[in-house]
Amino acid sequence: MSDLAIRRGVAPALAVEGLTYSYARAERPALVDVSLEVAPGEFVLLAGRSASGKSTLLRAACGLVPHFHGGEVEGRVMVAGLDAIGAGPGEMAAAVGYLAQDPETQVVSTTVAAEIELPLEMRGDGAADRARAVEEVALALAIPHLLGRAVDTLSGGELQRVALAAALVTRPRLVLLDEPTSQLDPVSGDELIWLLRRLNEEWGVAVVLAEHRLERCLAAADRVVAVEEGRIGFDGEPREFLAWTRTADPTLMTPAARLFSLAGIEPLPVGVRDARRALEGRATTVPHPGKGSSEEISPRPRFPRLGKRDKSPRALEAKGLWVELDDGSGPRDVLRGIDLAIAPGERVALMGRNGAGKSTLLRTAAGLIDPVAGRVAAERMALLTQNPSDYLVRERIGDELPGEAGYAALRAVGMEHAVDADPRDVSGGERQRLALAIALAGRLDGEGVPGLVALDEPTRGMDRGRKDGLVALVDRLAAQGAAVVVATHDVEFAAAFAGRVVLLGDGVVIADGAGADVLSGGWYFATEVARVLDAPGVVTPEHGAALLAGGSP
Amino acid sequence: MRSPFAYIPRRGPLQSARPGAAVTYLGALVVVAFLYSSPFVLLAAGAAACIAGCLAGASKAVRASLRMGLALALLIVVVEALVVDRGETVLLRAGHWPILGQVDITLEAIVAGTVVGLRAAVTIVAFAVYSACVDPDRVTRALRPLAARSALTATLVSRLVPVAAADAARLRDAARLRGPGAAPVGKGPLARRLLAGSLDRSVDVAATLELRGYSLSGRRLEQRREPSRHDARFYLAAAAVLAAAIVGKSLGADDFHTYPTIQLGLGPATAAVSAVVAASGLAPWRRSGRRV
């Protein structure tokens, strides 16, 4: 009998029975007759499209639903013997750690150290215990350098790690995470998943993780629960889940599984290691990691793509751009002499680890921040910033986007059905699309198309189907001459849309090249297909399948 | 860019003092502003709040709040002058206006509006100094024994202004970045969204506080004793201000009437109360360390 089966004999970490829930003023229930049991020490991945009910299920498990959201609820939710619906989040705090989708809404202290220490203090832990726990969780999440910082000076990704640290610091028996990697760079995202697996294996912490980027965490999960329109659509092991996605919902398939599916290889792999093992011994040789036949990457020129005599038109041009930001403890260099030129019609992914300067570069180009040295010029720039809620001012979506131009923008992001909804009542992914519509309203066609469209982390909360829609929108804008720059941590999305990838590191450009080259040449900033095949320039399942079939990618 | 009202940790006496001491001190100035109508005392209270903020290193918050306070005061003066027709010194007969009827602008109404505006300005400046100098984390902790079952109460008291201040800058940026086909956002909708959003965000923060165990009824918190040698001076300053205000009031220091004609007294009692109140602004003064 496996450890898991033995643990399933004891009281479950989470037991949901016949849960049906409707938000106040909602037309239809967010959850319908959901029953689910999570054993102590189990790692469960919640999959599903945007607005399918994943976040609501997590909120119910920690008592926020219905205590903070109101609405009507039926059924039972038990966490470690406590009735979550009766007790509410305050009582659940001893047993549950919860990380919501928007880290901005869940920091309550002034400094990072105080934020992480707060749950321990509330629990009554002594000073020495608190200090040790804060240090350990900060080391585990690679944020010791942030401990002294004010929380309102952190980037989105840094904030997400701090909120996660505060959720984990008490070592709760059940950890509920709602898209915890959505704003993390690939390095931090991978490390987080393995940290959770370690907590799960060594400490018996049950983990329930809702995520759109399944390729990041499928291999670590014991079980996958797919939520479809508020109901449990699938509940089983990861490999069975991949087989289920083929017929039920192909958009939930991971890139490696799609690669195998397109190439006609069985069974579908749950991760990179699984895929590489399956390909060993096949006629198509998969090069060993690090032994790829790619050409030596030439050193980055001092002024990439900026020739002194090059008079071609530019949608964005930065020369020696130097930006300092003051986080209250004195000015800090965020951009350090950036040289960059982007031509009209180019599709560029701006990547780099959290705090590398991606958002600062876009905000400086939009004139929201003044550089201390150098210059930047952008032609008729449209910018979507990181927090979509900042764009939502009115109580009806139709009032935000009136008239023909507004409706066209809503239609472009697939939100035309929600004209009468309150922006605060839609899901995180829908809010993101709505903010995009507001930023682009009147700029989608003809004379209104901007010279430069910049989107800062636009895929948060979006499922693959919606991301494909965003790629189509980017194509539409680029086809009309707009340069599109997307700051993103989502390597799969970058591979799908970007012709060029600019990698920032500590305020400087460290790589700048064709998307397929940059995203196939590394360990972290590489797509899942690139990590499986390790073939230069092969980053998407379609190209990979062509390679496996014997053709050229 | 950080809001001027955001708390910034500094090593000043006002920041080091316990929240109770700082709130008592700044609250005493607000109490005086509501207790007195004499412009001399009100100006003294305003000066004290400004001096205190500047000495505490929050001069940006003082400047920003003065701009807000004086703009609000001006609005109050205009409304009072248009709406109130009491007073014998008519400066302008502005004729018949829709809704308002006959409008006579009187000197007395302008002065009465100025007094109310000054009162509002003093309150805004004192609150800005509180927001910029008193650590909200310590306020939340201090409130826990008083409002252990209500994270929302604690949040509203300690977080509403910092949360609103942080949101305001981002909302302004987002308003500038809206597409031409989106409904434009004027100052009114932005202010409404800021207020509603701040309440929403405070509820979010309250939910997080609950999830962090704010209302856990487990063993008593190990109280962080963070005594400050500066506590006493702020309690003393507050006591001196309140005592002077109460005694002065009974001695006729608030000798000021606006209607039907303006009567403004500046007797020894008024001068003494004004001097004590203004001098209390020096409480956050920090002596330089002795050099060897």
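Read-outs: derived from the displayed coordinates by stated rules, not from any lab. Note that this is a predicted model, so its numbers are computed, not measured. Please note: Cβ atoms are built from the backbone with ideal geometry, for glycine as well, and neighbour counts cover all protein chains shown.
Can you pull the mean other chain C-beta count within 10 Å for peptide A:385-397? Present the calculation step by step, with values, prior to reporting the outcome.
Numbers: counts 4, 1, 5, 1, 8, 11, 8, 4, 16, 5, 3, 0, 0.
Neighbouring Cβ atoms belonging to other protein chains average 5 per residue here.
For a footprinting-style exposure proxy, rank A:W244, A:W523 by other Cβ within 10 Å, fewest first. Let's see the in-between values first.
On the way: A:W244 19, A:W523 12.
Ranking A:W244, A:W523 by Cβ neighbours within 10 Å, fewest first, gives A:W523, A:W244.
Quick one: length gained pulling A:W194 to A:E136 fully straight, 0.36 nm per residue minus the C-alpha distance?
Length gained, A:W194 through A:E136: 19.3 nm.
Rounded to two decimals, what ratio of Rg to Rh does the stretch A:356-505 give with C-alpha atoms and a Kirkwood Rh? Show your work: numbers first, answer last.
On the way: Rg = 15.1 Å, Rh = 15.8 Å.
With Rg and the Kirkwood Rh in hand, the quotient comes to 0.95.
Indicate, rounded to the nearest 5 percent, the antiparallel portion of the DSSP beta bridges found entirely in the stretch A:3-237. Present the calculation step by step, with values, prior to reporting the outcome.
Values: 20 of 37 bridges.
Close to 55 percent.
Can you sort A:S520, A:S427 by how many other beta carbons sit within 10 Å, fewest first?
Details: A:S520 25, A:S427 19.
Least crowded to most crowded, the residues run A:S427, A:S520.
Can you classify the stretch A:454-501 as rounded, prolate or oblate using the Cα gyration tensor, where a ≥ b ≥ c are the square roots of its eigenvalues, rounded means a/c under 1.5, and otherwise it's prolate if a/b beats b/c and oblate if not?
Working: a/c = 1.71, a/b = 1.36, b/c = 1.26.
Note, shape of the stretch A:454-501 comes out prolate.
Exposure proxy check: A:K54, B:K60 ranked by fewest other beta carbons within 10 Å?
So the residues, fewest neighbours to most, are B:K60, A:K54.
Select from B:L29, B:L190, B:L236 the residue whose mean-square fluctuation is largest in a Gaussian network model of chain B (Cα-Cα springs shorter than 10 Å).
Its mean-square fluctuation being the largest, the pick is B:L190.
Sorted from largest down, give the three principal axis spans of the alpha carbons of chain A, whole angstrom values.
Principal axes ranked by extent give 73, 57, 54 Å for the Cα atoms.
For the stretch A:316-519, what proportion of DSSP beta bridges, expressed in % and rounded to the nearest 5, is antiparallel? Intermediate results must be reported in sequence, preceding the final value.
Details: 20 of 38 bridges.
Antiparallel bridges: around 55 percent, rounded to the nearest 5.
Calculated FRET efficiency, B:R286 and B:A240, Cβ-Cβ r, R0 22 Å, to nearest 0.05?
My answer for the efficiency is 0.70.
Averaged over its residues, how many other protein chain Cβ atoms are within 10 Å of peptide A:96-108's Cβ atoms?
Per residue, the number of nearby Cβ atoms from other chains is 4 on average.
Using all Cα-Cα distances in the stretch A:456-553, what percent lands in each 5 angstrom bin from 0 up to the longest?
Cα pair-distance distribution for the stretch A:456-553, in percent: 2, 13, 22, 22, 21, 14, 5, 1, 0.
Label-point separation (nm) for A:K319 and A:A24, each offset 7 Å from Cα along Cα-to-Cβ?
5.7
What residues of the stretch B:160-182 lie in the reach of a label at A:D326, counting those whose backbone N is under 19 Å from a point 7 Å from the Cα along Cα→Cβ?
It comes to B:165-170, nothing else.
Could you tell me which of rounded, prolate or oblate describes the stretch A:1-114, using a ≥ b ≥ c as the square roots of the eigenvalues of the alpha-carbon gyration tensor, with rounded for a/c under 1.5 and, failing that, prolate when a/b is larger than b/c and oblate otherwise?
oblate
If contacts are Cα pairs under 8 angstrom and at least 6 residues apart, what is the relative contact order of chain A in percent?
14 percent.
Restricting to bridges with both residues inside the protein assembly as shown, how much of the DSSP beta-bridge set is antiparallel, in percent to the nearest 5?
Details: 47 of 82 bridges.
Just about 55 percent of them are antiparallel.
With a cut-off of 8 Å between alpha carbons and a minimum separation of six or more residues, what is the relative contact order of chain B in percent?
Relative contact order comes out at 32 percent.
In square nanometres, what is the average projected area of the Cα convex hull of the stretch A:3-237?
12.2
Can you pull a Stokes-Einstein diffusion coefficient for chain B at 4 °C (1.567 mPa s), Rh from Kirkwood over Cα pairs, as a whole number of µm²/s?
In µm²/s, the coefficient is 60.
When the Cα centres of the stretch A:475-553 and the stretch A:197-274 are compared, how far apart do they sit, in Å?
One Cα centre to the other: 23 Å.
When the helices in chain A are scored as -39500 (n - 2.57) per DSSP H run of 4 or longer and the sum is shared across all residues, what 222 nm value do you end up with, to the nearest 500 deg cm²/dmol?
The helix-only estimate for chain A comes to -9500 deg cm²/dmol at 222 nm.
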